Amino acid sequence: MKLSRYNFLKQYDDATIFFNATTCALAVVDENFLRVLEDVKNNSYDEKNYDAKLIADMKSSGCLIDDDVDELKRLEFYRNLAKYDATNLGLTIAPTLDCNFRCKYCFETHPKGKMTAETQAALIKFVEERLARAKNFSVTWYGGEPLLAEEIIYSLSEKFLELCEKFSVDYDAFIVTNASLLDEADVSLFKKYKIRGAQITIDGPKKIHDSRRRCVSEKSTFDKLIDRANLLLNENFSVIVQINIDKENISCVDELLDTLAERIDRRQDLKIDFGQVSPFTDICKSIESDCYNNAQFADVMLPLYEKVWARGFNVNKMAVYPSPRVNFCCADYVNSFVVDNHGELYRCWNHVGNLKMSGGNVSDEDLKLEKNYLSWIQWNPIKHPKCRECFCLPICIGGCPYLMRTSADGQPVCGTVKYNLEKVIEHYCEQLKGDVAD
Ligand code: SF4
Ligand code: SF4
Ligand code: SF4
(Lines give C-alpha, C1' and ligand atoms only; values in the text may rest on other atoms or scores of the structure.)
(Ligands and ions follow the chains in the order given, each with its own letter.)
Protein backbone atom coordinates (compact mmCIF):
# COMPACT_ATOMS: atom_id res chain seq x y z
CA MET A 1 0.00 0.00 0.00
CA LYS A 2 1.05 3.58 -0.57
CA LEU A 3 -0.43 6.98 0.17
CA SER A 4 -2.30 8.99 -2.44
CA ARG A 5 -0.50 12.08 -3.67
CA TYR A 6 -3.87 13.83 -3.29
CA ASN A 7 -4.27 13.47 0.48
CA PHE A 8 -4.76 16.68 2.46
CA LEU A 9 -4.61 16.79 6.26
CA LYS A 10 -5.17 19.79 8.42
CA GLN A 11 -5.79 20.57 12.05
CA TYR A 12 -8.87 22.76 12.51
CA ASP A 13 -9.28 23.71 16.17
CA ASP A 14 -9.48 20.38 17.96
CA ALA A 15 -10.17 18.20 14.90
CA THR A 16 -7.89 16.66 12.28
CA ILE A 17 -9.56 16.83 8.89
CA PHE A 18 -8.76 14.58 5.96
CA PHE A 19 -9.64 15.34 2.33
CA ASN A 20 -8.70 13.42 -0.80
CA ALA A 21 -8.88 15.18 -4.14
CA THR A 22 -9.47 12.05 -6.26
CA THR A 23 -12.67 11.09 -4.40
CA CYS A 24 -13.40 14.39 -2.57
CA ALA A 25 -13.92 12.33 0.60
CA LEU A 26 -13.85 14.49 3.71
CA ALA A 27 -13.65 13.17 7.25
CA VAL A 28 -12.71 14.03 10.79
CA VAL A 29 -10.02 11.44 11.54
CA ASP A 30 -8.61 9.99 14.75
CA GLU A 31 -5.28 8.64 15.97
CA ASN A 32 -5.94 5.18 14.45
CA PHE A 33 -6.18 6.75 10.99
CA LEU A 34 -3.02 8.80 11.61
CA ARG A 35 -1.19 5.71 12.84
CA VAL A 36 -1.88 3.92 9.55
CA LEU A 37 -0.54 6.93 7.63
CA GLU A 38 2.62 6.96 9.72
CA ASP A 39 3.13 3.22 9.28
CA VAL A 40 2.77 3.46 5.49
CA LYS A 41 5.28 6.32 5.43
CA ASN A 42 7.73 4.29 7.57
CA ASN A 43 7.30 1.13 5.50
CA SER A 44 5.86 -0.71 8.51
CA TYR A 45 2.29 -1.05 7.24
CA ASP A 46 0.83 -4.46 8.03
CA GLU A 47 -2.87 -4.76 7.30
CA LYS A 48 -3.59 -7.28 10.03
CA ASN A 49 -2.58 -4.72 12.68
CA TYR A 50 -5.55 -2.45 12.00
CA ASP A 51 -9.30 -2.45 12.13
CA ALA A 52 -10.61 -3.91 8.84
CA LYS A 53 -13.37 -1.31 8.50
CA LEU A 54 -10.88 1.53 8.93
CA ILE A 55 -8.65 0.13 6.18
CA ALA A 56 -11.64 -0.41 3.87
CA ASP A 57 -12.68 3.23 4.43
CA MET A 58 -9.15 4.49 3.83
CA LYS A 59 -9.04 2.61 0.54
CA SER A 60 -12.45 3.73 -0.65
CA SER A 61 -11.68 7.35 0.27
CA GLY A 62 -8.68 7.22 -2.05
CA CYS A 63 -6.23 7.71 0.82
CA LEU A 64 -4.56 4.31 0.52
CA ILE A 65 -3.80 2.91 -2.91
CA ASP A 66 -2.14 -0.17 -4.27
CA ASP A 67 1.59 0.09 -4.89
CA ASP A 68 1.28 -0.54 -8.61
CA VAL A 69 -1.34 2.17 -9.23
CA ASP A 70 -0.03 5.36 -10.81
CA GLU A 71 -2.65 8.00 -9.98
CA LEU A 72 -1.81 10.20 -12.97
CA LYS A 73 -2.13 7.28 -15.37
CA ARG A 74 -5.35 6.21 -13.68
CA LEU A 75 -6.78 9.71 -14.06
CA GLU A 76 -5.80 9.71 -17.73
CA PHE A 77 -7.42 6.32 -18.22
CA TYR A 78 -10.78 7.46 -16.78
CA ARG A 79 -10.50 10.76 -18.63
CA ASN A 80 -10.10 8.94 -21.95
CA LEU A 81 -12.86 6.50 -21.12
CA ALA A 82 -15.31 9.39 -20.61
CA LYS A 83 -13.96 11.55 -23.42
CA TYR A 84 -14.25 8.91 -26.13
CA ASP A 85 -17.51 7.43 -24.86
CA ALA A 86 -19.94 7.28 -27.77
CA THR A 87 -22.81 6.07 -25.60
CA ASN A 88 -23.55 9.59 -24.33
CA LEU A 89 -24.62 12.17 -26.86
CA GLY A 90 -24.82 15.76 -25.59
CA LEU A 91 -26.05 18.72 -27.62
CA THR A 92 -26.36 22.36 -26.70
CA ILE A 93 -28.70 23.76 -29.31
CA ALA A 94 -29.32 27.41 -30.11
CA PRO A 95 -32.43 27.43 -32.36
CA THR A 96 -31.89 31.18 -32.68
CA LEU A 97 -29.16 33.63 -31.67
CA ASP A 98 -31.68 36.44 -31.50
CA CYS A 99 -32.60 37.74 -28.08
CA ASN A 100 -35.12 40.15 -26.61
CA PHE A 101 -32.60 41.19 -23.92
CA ARG A 102 -29.42 43.21 -24.21
CA CYS A 103 -27.46 42.23 -21.11
CA LYS A 104 -24.44 44.39 -20.44
CA TYR A 105 -22.04 41.44 -20.39
CA CYS A 106 -23.49 39.37 -23.24
CA PHE A 107 -20.75 38.08 -25.52
CA GLU A 108 -23.10 37.35 -28.41
CA THR A 109 -24.36 39.52 -31.22
CA HIS A 110 -28.04 38.86 -31.86
CA PRO A 111 -28.65 38.34 -35.54
CA LYS A 112 -32.27 37.75 -36.48
CA GLY A 113 -33.15 34.35 -37.86
CA LYS A 114 -34.15 30.92 -36.68
CA MET A 115 -33.06 27.43 -37.60
CA THR A 116 -34.55 26.60 -40.98
CA ALA A 117 -36.51 23.42 -41.77
CA GLU A 118 -33.52 22.15 -43.84
CA THR A 119 -31.10 22.65 -40.97
CA GLN A 120 -33.53 20.99 -38.57
CA ALA A 121 -33.75 17.99 -40.91
CA ALA A 122 -29.95 17.80 -41.14
CA LEU A 123 -29.68 18.04 -37.34
CA ILE A 124 -32.17 15.21 -36.91
CA LYS A 125 -30.13 13.07 -39.32
CA PHE A 126 -26.94 13.97 -37.43
CA VAL A 127 -28.61 12.88 -34.17
CA GLU A 128 -30.04 9.69 -35.67
CA GLU A 129 -26.62 8.55 -36.88
CA ARG A 130 -25.22 8.97 -33.39
CA LEU A 131 -28.15 7.53 -31.44
CA ALA A 132 -27.63 4.14 -33.02
CA ARG A 133 -24.59 3.79 -30.72
CA ALA A 134 -25.88 5.77 -27.76
CA LYS A 135 -27.56 4.98 -24.44
CA ASN A 136 -28.19 8.55 -23.27
CA PHE A 137 -29.00 11.72 -25.12
CA SER A 138 -29.13 15.05 -23.34
CA VAL A 139 -30.02 18.41 -24.80
CA THR A 140 -29.55 21.91 -23.43
CA TRP A 141 -31.67 24.54 -25.18
CA TYR A 142 -29.64 27.70 -25.45
CA GLY A 143 -29.55 30.92 -27.44
CA GLY A 144 -29.87 33.90 -27.82
CA GLU A 145 -33.17 33.43 -26.13
CA PRO A 146 -34.32 29.93 -27.09
CA LEU A 147 -38.00 30.63 -26.39
CA LEU A 148 -38.02 33.12 -29.28
CA ALA A 149 -37.89 29.94 -31.37
CA GLU A 150 -40.09 27.78 -29.15
CA GLU A 151 -41.83 26.09 -32.07
CA ILE A 152 -38.44 24.75 -33.19
CA ILE A 153 -37.63 23.52 -29.68
CA TYR A 154 -40.87 21.57 -29.56
CA SER A 155 -40.76 20.14 -33.08
CA LEU A 156 -37.13 19.04 -32.65
CA SER A 157 -38.01 17.60 -29.23
CA GLU A 158 -40.82 15.58 -30.81
CA LYS A 159 -38.36 14.04 -33.30
CA PHE A 160 -35.67 13.48 -30.66
CA LEU A 161 -38.14 11.62 -28.45
CA GLU A 162 -39.25 9.44 -31.38
CA LEU A 163 -35.64 8.60 -32.19
CA CYS A 164 -34.86 7.84 -28.57
CA GLU A 165 -37.80 5.48 -28.46
CA LYS A 166 -36.64 3.80 -31.67
CA PHE A 167 -33.11 3.26 -30.35
CA SER A 168 -34.07 2.72 -26.67
CA VAL A 169 -32.04 5.72 -25.58
CA ASP A 170 -32.71 7.74 -22.38
CA TYR A 171 -33.56 11.34 -23.12
CA ASP A 172 -33.33 14.40 -20.94
CA ALA A 173 -33.37 18.15 -21.62
CA PHE A 174 -32.77 21.45 -19.85
CA ILE A 175 -33.18 25.06 -20.90
CA VAL A 176 -31.13 28.19 -20.29
CA THR A 177 -33.61 31.02 -20.72
CA ASN A 178 -34.15 34.60 -19.68
CA ALA A 179 -37.71 33.35 -18.90
CA SER A 180 -39.41 36.57 -20.01
CA LEU A 181 -41.40 34.70 -22.68
CA LEU A 182 -42.19 31.62 -20.63
CA ASP A 183 -45.90 30.99 -20.06
CA GLU A 184 -48.21 28.25 -18.85
CA ALA A 185 -48.41 26.64 -22.29
CA ASP A 186 -44.61 26.26 -22.22
CA VAL A 187 -44.81 24.59 -18.84
CA SER A 188 -47.10 21.86 -20.25
CA LEU A 189 -44.88 21.47 -23.28
CA PHE A 190 -41.76 21.26 -21.09
CA LYS A 191 -43.41 18.30 -19.38
CA LYS A 192 -44.38 16.68 -22.66
CA TYR A 193 -40.90 17.15 -24.10
CA LYS A 194 -38.94 16.16 -21.00
CA ILE A 195 -37.39 19.56 -20.38
CA ARG A 196 -36.83 18.91 -16.72
CA GLY A 197 -35.53 22.26 -15.60
CA ALA A 198 -34.49 25.78 -16.36
CA GLN A 199 -31.75 28.21 -15.51
CA ILE A 200 -33.06 31.75 -15.11
CA THR A 201 -30.78 34.68 -14.46
CA ILE A 202 -31.76 37.43 -12.02
CA ASP A 203 -28.93 39.84 -11.45
CA GLY A 204 -29.97 41.89 -8.46
CA PRO A 205 -32.90 43.72 -6.92
CA LYS A 206 -35.42 45.14 -9.35
CA LYS A 207 -33.60 48.31 -10.39
CA ILE A 208 -30.22 46.64 -10.74
CA HIS A 209 -31.56 43.59 -12.54
CA ASP A 210 -33.53 45.66 -15.04
CA SER A 211 -30.56 47.86 -15.83
CA ARG A 212 -28.05 45.01 -16.23
CA ARG A 213 -30.41 42.68 -18.09
CA ARG A 214 -32.29 45.20 -20.15
CA CYS A 215 -35.26 43.93 -22.11
CA VAL A 216 -35.80 45.47 -25.53
CA SER A 217 -39.58 45.63 -25.28
CA GLU A 218 -40.36 45.90 -21.57
CA LYS A 219 -39.17 48.36 -18.95
CA SER A 220 -38.94 45.78 -16.22
CA THR A 221 -38.86 41.99 -16.20
CA PHE A 222 -37.89 41.48 -12.56
CA ASP A 223 -41.35 40.71 -11.12
CA LYS A 224 -42.24 38.55 -14.09
CA LEU A 225 -39.13 36.39 -13.65
CA ILE A 226 -39.90 35.70 -9.99
CA ASP A 227 -43.36 34.73 -11.13
CA ARG A 228 -41.96 32.37 -13.74
CA ALA A 229 -39.60 30.78 -11.26
CA ASN A 230 -42.61 30.11 -8.98
CA LEU A 231 -44.62 28.75 -11.89
CA LEU A 232 -41.92 26.19 -12.67
CA LEU A 233 -41.15 25.32 -9.05
CA ASN A 234 -44.82 24.72 -8.29
CA GLU A 235 -44.93 22.27 -11.20
CA ASN A 236 -41.90 20.42 -9.78
CA PHE A 237 -39.33 21.54 -12.34
CA SER A 238 -35.77 21.98 -11.26
CA VAL A 239 -35.04 25.71 -11.20
CA ILE A 240 -31.68 27.38 -10.87
CA VAL A 241 -31.64 31.12 -10.36
CA GLN A 242 -28.27 32.27 -11.56
CA ILE A 243 -26.95 35.55 -10.20
CA ASN A 244 -24.12 36.82 -12.38
CA ILE A 245 -21.68 38.63 -10.15
CA ASP A 246 -19.22 41.41 -10.79
CA LYS A 247 -17.98 44.38 -8.79
CA GLU A 248 -21.05 46.40 -9.74
CA ASN A 249 -23.77 44.18 -8.24
CA ILE A 250 -22.04 42.20 -5.49
CA SER A 251 -23.19 44.59 -2.79
CA CYS A 252 -26.84 44.06 -3.80
CA VAL A 253 -26.92 40.30 -3.26
CA ASP A 254 -28.44 40.53 0.24
CA GLU A 255 -31.30 42.66 -0.99
CA LEU A 256 -32.04 40.30 -3.87
CA LEU A 257 -31.90 37.21 -1.64
CA ASP A 258 -34.24 38.85 0.88
CA THR A 259 -36.74 39.57 -1.91
CA LEU A 260 -36.47 36.01 -3.22
CA ALA A 261 -36.90 34.63 0.30
CA GLU A 262 -40.08 36.65 0.62
CA ARG A 263 -41.54 35.86 -2.77
CA ILE A 264 -40.42 32.38 -3.79
CA ASP A 265 -43.03 29.84 -2.69
CA ARG A 266 -40.83 26.77 -2.37
CA ARG A 267 -37.51 28.21 -1.45
CA GLN A 268 -36.00 24.91 -0.29
CA ASP A 269 -36.45 23.63 -3.87
CA LEU A 270 -34.87 26.62 -5.58
CA LYS A 271 -31.19 26.33 -6.34
CA ILE A 272 -29.19 29.52 -6.39
CA ASP A 273 -25.96 29.71 -8.29
CA PHE A 274 -23.46 32.53 -8.71
CA GLY A 275 -21.96 33.10 -12.13
CA GLN A 276 -18.74 34.96 -12.67
CA VAL A 277 -19.15 37.73 -15.23
CA SER A 278 -16.22 37.55 -17.64
CA PRO A 279 -15.28 39.69 -20.62
CA PHE A 280 -15.26 36.62 -22.86
CA THR A 281 -15.16 38.27 -26.24
CA ASP A 282 -14.47 41.67 -27.76
CA ILE A 283 -18.21 42.33 -27.71
CA CYS A 284 -18.23 42.55 -23.91
CA LYS A 285 -14.66 43.88 -23.41
CA SER A 286 -16.04 47.17 -22.05
CA ILE A 287 -17.07 45.48 -18.78
CA GLU A 288 -13.56 44.12 -18.08
CA SER A 289 -12.82 46.49 -15.21
CA ASP A 290 -15.96 45.33 -13.36
CA CYS A 291 -15.05 41.65 -13.56
CA TYR A 292 -13.40 39.46 -10.95
CA ASN A 293 -10.65 37.11 -12.05
CA ASN A 294 -10.74 33.51 -10.77
CA ALA A 295 -8.60 34.22 -7.71
CA GLN A 296 -10.74 37.20 -6.72
CA PHE A 297 -13.97 35.35 -7.40
CA ALA A 298 -12.77 32.45 -5.25
CA ASP A 299 -12.46 34.94 -2.39
CA VAL A 300 -15.99 36.31 -2.67
CA MET A 301 -17.75 33.06 -3.61
CA LEU A 302 -18.05 31.24 -0.30
CA PRO A 303 -19.42 34.24 1.64
CA LEU A 304 -22.04 34.59 -1.13
CA TYR A 305 -23.14 30.97 -0.78
CA GLU A 306 -23.24 31.40 2.99
CA LYS A 307 -25.86 34.12 2.45
CA VAL A 308 -27.87 31.65 0.37
CA TRP A 309 -27.72 28.87 2.98
CA ALA A 310 -28.60 31.33 5.73
CA ARG A 311 -31.92 32.04 3.98
CA GLY A 312 -32.84 28.39 3.49
CA PHE A 313 -32.32 28.15 -0.27
CA ASN A 314 -30.71 25.19 -1.89
CA VAL A 315 -27.44 25.45 -3.78
CA ASN A 316 -25.94 23.35 -6.44
CA LYS A 317 -23.49 21.60 -4.11
CA MET A 318 -21.09 21.05 -6.99
CA ALA A 319 -20.78 24.82 -7.34
CA VAL A 320 -19.19 25.02 -3.90
CA TYR A 321 -17.85 21.65 -2.82
CA PRO A 322 -15.35 20.20 -5.29
CA SER A 323 -16.20 17.02 -7.14
CA PRO A 324 -13.90 14.59 -8.89
CA ARG A 325 -13.78 15.45 -12.57
CA VAL A 326 -12.04 13.76 -15.42
CA ASN A 327 -13.23 16.24 -18.05
CA PHE A 328 -13.80 19.93 -17.54
CA CYS A 329 -16.90 20.54 -19.66
CA CYS A 330 -18.74 19.60 -22.85
CA ALA A 331 -15.78 20.87 -24.93
CA ASP A 332 -13.84 17.87 -23.67
CA TYR A 333 -16.06 15.06 -25.01
CA VAL A 334 -15.96 13.70 -28.56
CA ASN A 335 -19.72 13.24 -28.64
CA SER A 336 -20.78 16.59 -27.29
CA PHE A 337 -21.51 19.55 -29.56
CA VAL A 338 -22.78 23.09 -29.48
CA VAL A 339 -25.03 23.67 -32.50
CA ASP A 340 -26.13 27.09 -33.70
CA ASN A 341 -29.20 27.99 -35.77
CA HIS A 342 -27.24 27.45 -39.00
CA GLY A 343 -26.22 23.95 -37.93
CA GLU A 344 -22.60 24.97 -37.29
CA LEU A 345 -20.88 22.75 -34.74
CA TYR A 346 -18.67 24.15 -32.00
CA ARG A 347 -16.82 22.86 -28.98
CA CYS A 348 -17.48 25.74 -26.62
CA TRP A 349 -20.62 27.69 -25.64
CA ASN A 350 -18.70 30.95 -26.08
CA HIS A 351 -18.17 30.26 -29.77
CA VAL A 352 -21.78 29.93 -30.75
CA GLY A 353 -22.34 32.07 -33.86
CA ASN A 354 -18.58 32.58 -34.42
CA LEU A 355 -18.04 30.91 -37.80
CA LYS A 356 -14.25 31.03 -37.45
CA MET A 357 -14.54 28.56 -34.61
CA SER A 358 -16.92 26.15 -36.32
CA GLY A 359 -15.72 22.58 -36.74
CA GLY A 360 -18.23 21.76 -39.48
CA ASN A 361 -21.94 21.79 -40.18
CA VAL A 362 -24.62 19.18 -39.53
CA SER A 363 -25.49 19.44 -43.24
CA ASP A 364 -21.95 18.52 -44.40
CA GLU A 365 -22.09 15.31 -46.44
CA ASP A 366 -18.53 14.47 -45.51
CA LEU A 367 -18.30 15.81 -41.97
CA LYS A 368 -14.66 15.34 -40.93
CA LEU A 369 -14.56 16.97 -37.51
CA GLU A 370 -10.89 17.88 -37.51
CA LYS A 371 -10.58 21.66 -37.69
CA ASN A 372 -11.55 23.37 -34.41
CA TYR A 373 -12.20 19.91 -33.01
CA LEU A 374 -9.13 17.68 -32.75
CA SER A 375 -6.96 20.22 -30.94
CA TRP A 376 -9.69 20.62 -28.29
CA ILE A 377 -10.16 16.91 -27.86
CA GLN A 378 -6.43 16.26 -27.73
CA TRP A 379 -5.71 18.84 -25.03
CA ASN A 380 -4.48 16.86 -22.05
CA PRO A 381 -3.84 18.72 -18.77
CA ILE A 382 -2.29 15.58 -17.31
CA LYS A 383 0.66 16.08 -19.66
CA HIS A 384 1.00 19.78 -18.82
CA PRO A 385 3.85 20.37 -16.33
CA LYS A 386 1.88 22.92 -14.27
CA CYS A 387 -1.21 20.73 -13.89
CA ARG A 388 0.69 17.47 -13.56
CA GLU A 389 2.27 18.65 -10.33
CA CYS A 390 -0.88 20.32 -9.03
CA PHE A 391 -2.78 18.98 -6.02
CA CYS A 392 -6.04 20.22 -7.58
CA LEU A 393 -5.66 18.29 -10.84
CA PRO A 394 -8.41 15.71 -10.05
CA ILE A 395 -10.89 18.48 -9.19
CA CYS A 396 -9.86 21.14 -11.71
CA ILE A 397 -8.50 19.04 -14.59
CA GLY A 398 -6.72 21.95 -16.22
CA GLY A 399 -9.49 24.55 -15.94
CA CYS A 400 -11.68 25.97 -18.68
CA PRO A 401 -10.17 25.10 -22.10
CA TYR A 402 -11.53 28.35 -23.58
CA LEU A 403 -9.78 30.47 -20.95
CA MET A 404 -6.52 28.62 -21.55
CA ARG A 405 -6.74 29.20 -25.30
CA THR A 406 -7.48 32.88 -24.88
CA SER A 407 -5.07 33.59 -22.00
CA ALA A 408 -2.17 35.93 -22.76
CA ASP A 409 0.45 33.21 -22.17
CA GLY A 410 -1.57 30.26 -23.51
CA GLN A 411 -1.21 28.50 -20.14
CA PRO A 412 -4.02 26.78 -18.22
CA VAL A 413 -6.00 29.23 -16.09
CA CYS A 414 -6.48 27.81 -12.61
CA GLY A 415 -10.10 27.40 -11.55
CA THR A 416 -11.52 29.00 -8.38
CA VAL A 417 -11.06 25.68 -6.58
CA LYS A 418 -7.29 26.24 -6.59
CA TYR A 419 -7.73 29.39 -4.56
CA ASN A 420 -10.45 28.55 -2.08
CA LEU A 421 -10.13 24.80 -1.48
CA GLU A 422 -8.89 25.22 2.08
CA LYS A 423 -11.68 27.64 2.96
CA VAL A 424 -14.30 25.32 1.45
CA ILE A 425 -12.90 22.36 3.37
CA GLU A 426 -12.96 24.46 6.53
CA HIS A 427 -16.60 25.35 5.91
CA TYR A 428 -17.67 21.73 5.41
CA CYS A 429 -15.53 20.67 8.34
CA GLU A 430 -17.67 22.93 10.56
CA GLN A 431 -20.77 21.22 9.15
CA LEU A 432 -19.23 17.81 9.73
CA LYS A 433 -18.44 18.67 13.35
CA GLY A 434 -22.00 19.99 13.72
CA ASP A 435 -23.42 16.71 12.34
CA VAL A 436 -21.27 14.68 14.76
CA ALA A 437 -22.44 16.89 17.65
CA ASP A 438 -26.10 16.50 16.59
S1 SF4 B 1 -30.53 36.98 -22.15
FE2 SF4 B 1 -28.71 35.78 -22.57
S3 SF4 B 1 -28.47 35.80 -24.79
FE4 SF4 B 1 -29.90 37.44 -24.25
S5 SF4 B 1 -28.64 39.27 -24.08
FE6 SF4 B 1 -28.82 38.38 -22.03
S7 SF4 B 1 -27.01 37.04 -21.80
FE8 SF4 B 1 -27.27 37.51 -24.01
S1 SF4 C 1 -14.53 25.67 -22.64
FE2 SF4 C 1 -14.99 26.98 -20.86
S3 SF4 C 1 -16.35 28.55 -21.66
FE4 SF4 C 1 -16.32 26.88 -23.16
S5 SF4 C 1 -18.05 25.56 -22.61
FE6 SF4 C 1 -16.26 24.78 -21.55
S7 SF4 C 1 -16.30 25.76 -19.52
FE8 SF4 C 1 -17.66 26.92 -20.89
S1 SF4 D 1 -5.28 24.75 -14.16
FE2 SF4 D 1 -4.21 25.29 -12.27
S3 SF4 D 1 -5.48 24.49 -10.60
FE4 SF4 D 1 -6.15 23.53 -12.50
S5 SF4 D 1 -5.04 21.60 -12.56
FE6 SF4 D 1 -3.85 23.10 -13.74
S7 SF4 D 1 -2.41 23.98 -12.28
FE8 SF4 D 1 -4.00 22.94 -11.10
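The values are calculated or read from the model by the stated rules, or taken from the named source; none is laboratory data. Treat the numbers as computed from the prediction; the structure is a model and nothing was measured. Positions of Cβ are backbone-derived with ideal geometry, glycine not excepted, and every protein chain shown enters the neighbour counts. Ligands, DNA and RNA are stripped out before the accessible areas are found, and what is left, the full protein with its side chains, is counted by its heavy atoms. Shrake-Rupley method; radii C 1.70, N 1.55, O 1.52, S 1.80 Å.
Scan segment 221-265 for trypsin sites (Lys or Arg not before Pro) in coil per DSSP, keeping those whose Cβ has at most 15 other Cβ atoms within 10 Å, and list them by number. List each step's numbers first, then the result.
On the way: sites: K224, R228, K247, R263; in loops: K247.
Listed in order of number, the matching sites are K247.
Among M357, M318, what's the order by accessible area (1.4 angstrom probe), most exposed first? Don't jump to the answer; show the numbers that get you there.
Working: M357 45, M318 135 Å².
The most accessible residue leads, giving M318, M357.
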*May I ask you to give the percent of accessible area on the chain that is carbon plus sulfur, with a probe radius of 1.4 Å?*
50
_Under 15 Å between alpha carbons, and skipping anything fewer than 8 positions from K247 in its own chain: which aspartates and glutamates qualify?_
D203, E288, D290, D299
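For segment 63-132, would you read off the P(r) tail past 20 Å as a percentage of all alpha carbon pairs? The partial results should precede the final answer.
Numbers: 1473 of 2415 pairs.
When every Cα pair of segment 63-132 is considered, 61 percent fall beyond 20 Å.
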*Between Q268 and T16, with labels modelled 7 Å along Cα→Cβ, what's the label distance in nm to one decimal, could you check?*
3.8
*Over the chain, average the accessible area per residue using a 1.4 Å probe and give it in Å², no decimals.*
46
*Once you have the Cα-Cα distance between K307 and N43, take 0.36 nm times their residue separation minus that, and quote the gain in nm to one decimal.*
90.4 nm
*Pairs beyond 31 Å (Cα-Cα), from K135/K317; K383/K423; K73/K191*: K73/K191
*In nm, to one decimal, how far is the modelled label at K386 from the one at R102, with both set 7 Å along Cα→Cβ?*
3.7
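Which value in Å is the Kirkwood Rh of segment 259-388 over different Cα pairs?
Numbers: mean 1/r = 0.0552 Å⁻¹.
Final number for the Kirkwood radius of segment 259-388 is 18.1 Å.
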*asked:* For the pair N230/K73, report the inter-label distance in nm, with labels modelled 7 Å from Cα in the Cβ direction.
replied: 6.0
*Taking H placed 1.01 Å from N in the peptide plane, check which residues at least 5 places from D85 or on another chain put their amide H under 5 Å from its amide H.*
V334
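What is the ratio of the Cα radius of gyration of segment 317-438 to 2.2 N^0.38 Å, with N the residue count, to two decimals? Write down the numbers at each step before the final one.
On the way: Rg = 18.2 Å, N = 122, 2.2 N^0.38 = 13.7 Å.
So segment 317-438 has a normalised radius of gyration of 1.33.
Can you give the Kirkwood hydrodynamic radius of segment 174-248 from its Cα pairs, in Å with one decimal? Write out the running numbers ahead of the final one.
Numbers: mean 1/r = 0.0781 Å⁻¹.
Radius from the Kirkwood sum: 12.8 Å.
Rule-of-thumb check for segment 2-69: C-alpha Rg over 2.2 N^0.38 Å?
That ratio works out to 1.04.
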*Lysine pairs with alpha-carbon atoms under 18 Å apart, segment 2-69, spacing 8 or more or separate chains*: 7
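Could you tell me the calculated FRET efficiency between E158 and L3, based on Cβ-Cβ distance and R0 = 60 angstrom, to the nearest 0.05?
Values: r = 54 Å, r/R0 = 0.90.
So the FRET efficiency works out to roughly 0.65.
Chymotrypsin sites (Phe, Trp or Tyr not before Pro), restricted to segment 76-119: which are DSSP loop and have at most 14 other Cβ atoms within 10 Å? Walk me through the numbers on the way to the answer.
Values: sites: F77, Y78, Y84, F101, Y105, F107; in loops: Y84, Y105, F107.
Listed in order of number, the matching sites are Y84.
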_Per-selection metrics, the chain (Cα): Rg and Dmax in Å_ = 23.4, 73
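Can you give the convex hull volume per residue for the Cα atoms of segment 80-320, as a whole number of Å³?
On the way: hull volume 34.2 nm³, N = 241.
About 142 Å³ per residue, rounded to a whole number.
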*Anchor K356: lysines whose Cα lies under 26 Å away (excluding residues fewer than 8 positions away in-chain)*: K83, K104, K112, K114, K125, K285, K368, K371
_Charge tally in the Cβ shell below 13 Å around S358, where Lys, Arg are +1 and Asp, Glu are -1, S358 excluded_ = 0
*Using the alpha-carbon atoms, what tilt in degrees (0 to 90, nearest 10) does helix 416-437 show relative to the longest principal axis of the chain?*
70
